[in-house]
Amino acid sequence: MPKVREKEWTVMVYLAGDNNLDSAGVIDLKEMKKVGSTEQINVIAQFDREGKDIATNRYYIRKGGTLAKDVVGSLGETNMGDPRVLDDFIKWGIKNYPAEHYLVVVWNHGNGWNDENVYRVARNMMKLNIKRRGEVVLPAKGAPKDSVSIRRIRAIGGKKFRHALFHTSIMKAITIRGIAYDDDAQDFLDNIEMKRLLASTKKILKRKIDILGMDACMMSMAEVVYQLRDSVSLTVGSEEVEPGDGWPYDRILAKLAKKPAMTPNELATTIVNEYVASYPANSGVTQSACDLSKAGLLASGVDQLADVLNGHLSDAAVRATVIECRLQTQAYDTPDYIDLYDFCNLLESKTGFDDIRAACSAVKNMIQRDGVVIRSGYKGKNVKHSNGLSIYFPQKSLSSLYATLDFTKRTSWGQFLERCISYTRRPD
């Protein structure tokens, strides 16, 4: 293990590639090697490749040469869907590659949990038999316990739950009664796991992580920003699904190598700019950087908006306006996630009530003028009303797990959603 003096930045990339993203992980590591570590920058990575018995390797990325020569540790087979493995990687990086600033990137592209992954969790880890029409079709390894239906497995492994980052999310989705296919609960569970993990990191570092980069899907949300506020200074992530190419690591690292004394705000802004610039004009990509020190301000604004709306929802005309704005607001691959600024902008322009307009204007100012979002960008007409931060606004049912989030506990947004849905739900 090379001893490295404290540098300006340590960039840690956690590549969970033991899935259909294996080849994408190799490509991204090669992108990193176009720049590599420098006198002022450490670039380290942990990569779990696809395959049952393939070791997870840790790398100190150098410019040029082969990836094999950059290996500084081999961990054997790991489950990088376990948040404890990510926790260990971050602490290892802090101890062995100290720096003034840290960028931690959780790499997944939001497609790590397919049917095969869910089957593996259910059968191998949870010892559940897989049943179809009452008959066991896939017996669990070891002593069989309970059963789970193949229909539920396919639902969890489908379009919605593929965005889960950790296997613990899948385990809860399999076992907790009432989590339906369209609950979109995977992100909320992951945020709870991330909060615990990063709180542990903060104790070691004795300060917040400078930037948490989420090279995954749809993580730039008000709920995420508030959940991680105590352990992270800035986040960089996407409101929309990320394409398989993910971040342009060569372009980002080249800019950082040219100016290693970048502040965290400068680097976060650079990541957004380079990400958006790396995609063609109509690619439908989004990326944004958020200042988590403003998370409390944002929560206060959303809380006030929810209180005002709750006070007017008994008015059928107001409900109709809210629902119209909700339907017109910029939405994403998971339709229950909408752009917060766009919703407020539409509602402000359509309502006849001064208190609603004032509350909408306040939230908009917090996002842009006051700097909750310090930089955002997009490419593509399908995402042209993106402003950097989405929020949960389901139309049919509220996830049973939404109440567990800090944001829901702090604000009246969850109560507003419940009331709004209750008015639009067909009577029994």
Output yes when any residue across segment 69-77 is under 26 Å from Tyr275 (Cα atoms), part of a loop (DSSP other than H, G, I, E, B) and more than 26 Å from the chain's Cα centre (by Cα), and no when none is. no
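A quick yes/no check of all residues on (1) in the same structural domain as Lys381 (by TED's automatic domain parsing); (2) touching a residue at least 40 places away in the same chain (Cβ under 8 Å); (3) under 14 Å from Phe353 (Cα atoms):
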site: Asp303; (1), (2), (3): yes, yes, no
site: Leu309; (1), (2), (3): yes, yes, yes
site: Leu313; (1), (2), (3): yes, yes, yes
site: Val318; (1), (2), (3): yes, no, yes
site: Cys325; (1), (2), (3): yes, no, no
site: Gln330; (1), (2), (3): yes, yes, no
Taking the residues in segment 247-265 that are aliphatic (A, V, I, L, M) and over 26 Å from Ala24 (Cβ atoms) as candidates, determine which candidate is surrounded by the fewest Cβ atoms within 10 Å (Cβ to Cβ). Ala261
Looking only at segment 53-106, and only at residues there that are acidic (Asp, Glu) and either closer than 25 Å to Leu205 by Cα or in contact with a strand residue (DSSP E or B) (Cβ under 6 Å, 6 or more places away or on another chain) (or both), the one that is surrounded by the most Cβ atoms within 10 Å (Cβ to Cβ): Asp70
For segment 349-364: of the residues being polar (S, T, N, Q) and without any contact (Cβ under 8 Å) to a residue 24 or more places away in the chain, which is surrounded by the fewest Cβ atoms within 10 Å (Cβ to Cβ)? Ser349
When you look at Ala199, is it surrounded by fewer than 17 Cβ atoms within 10 Å (Cβ to Cβ), at pLDDT 80 or above and either assigned by TED's automatic domain parsing to the domain that holds Trp247 or in a loop (DSSP other than H, G, I, E, B) (or both), yes or no? yes
Residue count for segment 123-161, restricted to those that are touching a Pro at 6+ places or on another chain (Cβ under 9 Å) and either part of a strand (DSSP E or B) or at pLDDT below 80 (or both): 3
Kindly provide the set of residues from segment 378-397 that are surrounded by fewer than 19 Cβ atoms within 10 Å (Cβ to Cβ) and under 21 Å from Asp342 (Cα atoms), ordered by number. Gly380, Lys381, Asn382, Lys384, His385, Gln395, Lys396
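If I go through segment 235-287 residue by residue, how many of them are in a loop (DSSP other than H, G, I, E, B) and either out of contact with any His (no Cβ under 7 Å at 6 or more places or on another chain) or of a type in the set (Val, Ile, Thr) (or both)?
The number of residues fulfilling the criteria is 20.
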Report the residue count in segment 255-279 for those that are without any contact (Cβ under 8 Å) to a residue 24 or more places away in the chain and either farther than 14 Å from Ile374 by Cβ or among the small types (Gly, Ala, Ser) (or both). 3
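The values are calculated or read from the model by the stated rules, or taken from the named source; none is laboratory data. Nothing here was measured: the structure is a model prediction, and the numbers come from that model. Cβ: placed from backbone, ideal geometry, glycine included. Neighbour counts: every protein chain shown.
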